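Below is one structure, written out as structure tokens; comments come after it.
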Amino acid sequence: MCGILAVLGCSDDSQAKRVRVLELSRRLKHRGPDWSGLYQHTDFYLTHQRLAIIDPASGDQPLFNEDKSIVVTVNGEIYNHEELRKKLSNHKFRTGSDCDVIAHLYEEYGENFVDMLDGMFSFVLLDTRDNSFIVARDAIGITSLYIGWGLDGSVWISSELKGLNDDCEHFETFPPGHFYSSKEGGFKRWYNPTWFSEAIPSTPYDPLVLRRSLENAVIKRLMTDVPFGVLLSGGLDSSLVASITARHLAGTRAAKHWGTQLHSFCVGLEGSPDLKAAREVADFLGTVHHEFHFTVQDGIDAIEDVIYHIETYDVTTIRASTPMFLMARKIKALGVKMVISGEGADEIFGGYLYFHKAPNKEEFHRESCRKIKALHLYDCLRANKATSAWGLEVRVPFLDKEFIDTAMAIDPEWKMIKREQGRIEKWVLRRAFDDEQQPYLPKNVLYRQKEQFSDGVGYSWIDGLKAHAAQHVTDRMMLNAGHIFPQNTPTSKEAYYYRTIFERFFPQNAAQLTIPGGPSIACSTAKAVEWDAAWSNNLDPSGRAALGVHVSAYGDEATGVKSVVPPPIVNTIPRMEVSAPGVEILS
């Protein structure tokens, strides 16, 4: 991931303004430590902090068309850039960068070219011939982006809040799947898939079609000129991504440069569920596995840094971001610059444990749509910023546009959780990769119950955070919470603790408004809390709050609610005999 900052039409082309723009751009240098660039055209400034993944030697930004009349600063990866270059055979490209196609596509097709891009991206394009500009963000919001407005009539664009919050009169999250046109003076949605209307689909479930679609999504993300690996928590989603990557790595350009043995990375408290499961998957796949341990105190000590980088006060995002933030630093220290991860599957397939209580397929599907639409505020924000804090890029194949279209077209009756029929959460995904002849994963991993990342790293992690917050937030402080924080009022001491840290870094009211709120159970939307009356008394984003579903649910003994224990699964598939060296790095 890179960092972009643009100041557009600020009525100030002085050296002092240029120095200020450079100063603000440096706030994003952690995202792109490899090179910095600034282009100024009168009172328009485009800056770039580069993390070099494709064409490290010549792909520095901003990028231009042939006569340099079109200027672009981009954060992201365009996976179909080679195909697009063929459509632009009459154009001359200056670099081998995948993002080099954007300026030329604009020349050829005007503003309506964004849907042609297959990838994750945020960009600002300036047409110096008339000083018009467009800004665009990828379909789901995998890359982070904010827009702000100055009193001088300027428009500001930044990959992170910290690039613009001190200089804008108002700012907000740039909506995913949209572009902003200065000619039109506003936003236009460019991403309009069928599922977005939340109409109930009826396509029959075909496991092989689903399998091929995910494999294609993973394969296209093997495009890299730098060392890479996979994040492996031992859960279904990351394990499938690792398995597919391991199968298809040989023969790719990446393998020619960096070898065919895949590196995998996991983080957790010592003895945590994720560490054990990830080690089993790594042994099965034969990856070079790197296991990172952290303590509860390590995580607590990092909270302020995490909130500064992630730019949120959302409880579940901070819980999950902290281990990922610590792991990203270790990964980058090993010389790795890109990782592939499993975000997005739970939203697409109803993998969160509260989906067990979906009353019917219609509600199941609508909740899934709501969750995908909100990903840019939660898991995408976490994955992007926790890794970018250390100059590490994360790619998420489950959020491939074509794969989402395939998965969201399936009749949601197939996704419904029906334990009496042996269909647990994400059954359609598990079944698609349940191959007896050439197994992708051990059966016990393929059918492992969902663990949210903040739970899987070790249950004492969340318990420790709550205890720490309780030491710093008093009952009297909670009584006044509604007056101190009228917007998204904290309802727990943990939430209050995070909020006070956030507002030290980002005191503006507009910053508070970029963060979502509302009741949640096990990461649900507020609407899904209505599915079970008991949930309203047990609101917590942890998966263990799903009473009667999670095998280690909170307070089962006290509430008298019996958790559902999944039937034991016997793994009869022979495992590969591979000796994979493990690297254990203690904090």
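The rows are residues; the columns are (1) out of contact with any helix residue (DSSP H, G or I) (no Cβ under 9 Å at 6 or more places or on another chain); (2) open to solvent by less than 10 Å² (accessible area, probe 1.4 Å); (3) more than 18 Å from Phe133 (Cβ to Cβ); (4) not basic (Lys, Arg).
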| position | (1), (2), (3), (4) |
| --- | --- |
| Gly3 | no, yes, yes, yes |
| Val7 | no, yes, no, yes |
| Ser11 | yes, no, no, yes |
| Gln15 | yes, no, yes, yes |
| Arg85 | no, no, yes, no |
| Thr95 | yes, no, yes, yes |
- Selection count where residues are open to solvent by less than 10 Å² (accessible area, probe 1.4 Å), over 13 Å from Ala345 (Cα atoms) and out of contact with any Pro (no Cβ under 7 Å at 6 or more places or on another chain), scope the stretch 391-408: 4
- Item | Number of positions in the stretch 28-40 that are more than 25 Å from Arg329 (Cα to Cα) and open to solvent by less than 50 Å² (accessible area, probe 1.4 Å) | 2
- Exception for Ser239 within (1) out of contact with any Leu (no Cβ under 9 Å at 6 or more places or on another chain); (2) in a helix (DSSP H, G or I); (3) closer than 27 Å to Ala320 by Cβ falls at (1)
- Is it the case that Val288 is in contact with a Phe, Trp or Tyr (Cβ under 8 Å, 6 or more places away or on another chain) and surrounded by fewer than 23 Cβ atoms within 10 Å (Cβ to Cβ)? no
- Number of the exception - Asp60 against (1) in contact (Cβ under 8 Å) with a residue 60 or more places away in the chain; (2) of a type outside the set (Lys, Arg); (3) in a loop (DSSP other than H, G, I, E, B): (1)
- Item | the stretch 466-513 - residue that is in contact with an Asp or Glu (Cβ under 6 Å, 6 or more places away or on another chain) and of a type outside the set (D, E, K, R) and, of those, surrounded by the most Cβ atoms within 10 Å (Cβ to Cβ) | Ala469
- Query: What's the number of the condition Tyr496 fails, among (1) assigned to a loop (DSSP other than H, G, I, E, B); (2) modelled with pLDDT of 95 or more?
  - Reply: (1)
- Can you tell me which residue in the stretch 423-459 is most open to solvent (accessible area, probe 1.4 Å), limited to those that are of a type in the set (S, T, N, Q) and at pLDDT below 90? Gln449
- Inside the stretch 128-175, can you point out the residues that are farther than 12 Å from Thr514 by Cβ and among the acidic types (Asp, Glu)? Asp130, Asp138, Asp152, Asp166, Asp167, Glu169
- Query: Out of curiosity, is Arg431 out of contact with any Asp or Glu (no Cβ under 9 Å at 6 or more places or on another chain), closer than 22 Å to Val241 by Cβ and charged (D, E, K, R)?
  - Reply: yes
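Residue-wise test of (1) out of contact with any Gly (no Cβ under 7 Å at 6 or more places or on another chain); (2) at pLDDT 95 or above.
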residue: Lys332; (1), (2): no, yes
residue: Ile340; (1), (2): yes, yes
residue: Ala345; (1), (2): no, yes
residue: Leu353; (1), (2): no, no
residue: His356; (1), (2): yes, no
residue: Phe364; (1), (2): no, yes
residue: Ser368; (1), (2): no, yes
residue: Ile372; (1), (2): yes, yes
residue: Leu375; (1), (2): no, yes
- Query: Does the stretch 213-229 hold any residues that are assigned to a helix (DSSP H, G or I) and not small (Gly, Ala, Ser), and which are they?
  - Reply: Leu214, Glu215, Asn216, Val218, Ile219, Lys220
- Message: Looking at Tyr180, Tyr205 in this structure, which one is among the aromatic types (Phe, Trp, Tyr) and closer than 25 Å to Trp414 by Cα?
- Response: Tyr205
- Query: Does the stretch 502-523 include one or more residues that are in a loop (DSSP other than H, G, I, E, B), of a type outside the set (D, E, K, R), modelled with pLDDT of 95 or more and in contact with a Ser or Thr (Cβ under 8 Å, 6 or more places away or on another chain)?
  - Reply: yes
- Query: Across the stretch 372-422, what is the number of residues that are over 22 Å from Arg212 (Cβ atoms) and assigned to a strand (DSSP E or B)?
  - Reply: 3
- Quick one: in the stretch 41-72, of everything that is among the small types (Gly, Ala, Ser) and closer than 21 Å to Gly119 by Cα, which residue is surrounded by the most Cβ atoms within 10 Å (Cβ to Cβ)? Gly59
- Note on the structure: Checked the stretch 170-185 for anything open to solvent by less than 60 Å² (accessible area, probe 1.4 Å) and at pLDDT 95 or above; matches are Phe171, Thr173, Phe174, Pro175, Pro176, Gly177, His178, Phe179, Tyr180, Ser181, Ser182
- Item | Yes/no for Val101 being outside any helix (DSSP H, G or I), open to solvent by less than 10 Å² (accessible area, probe 1.4 Å) and closer than 27 Å to Pro33 by Cα | no
- Query: Does Val101 satisfy the condition of being of a type in the set (Val, Ile, Thr) and farther than 20 Å from Tyr45 by Cβ?
  - Reply: yes
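The values are calculated or read from the model by the stated rules, or taken from the named source; none is laboratory data. Computed from a predicted model, the values in this text were never measured in an experiment. Ideal geometry is used to build each Cβ from the backbone, glycine not excepted, and the neighbour counts take in all protein chains shown. SASA here: full protein model, heavy atoms, side chains in, ligands and nucleic acids out. Shrake-Rupley method; radii C 1.70, N 1.55, O 1.52, S 1.80 Å.
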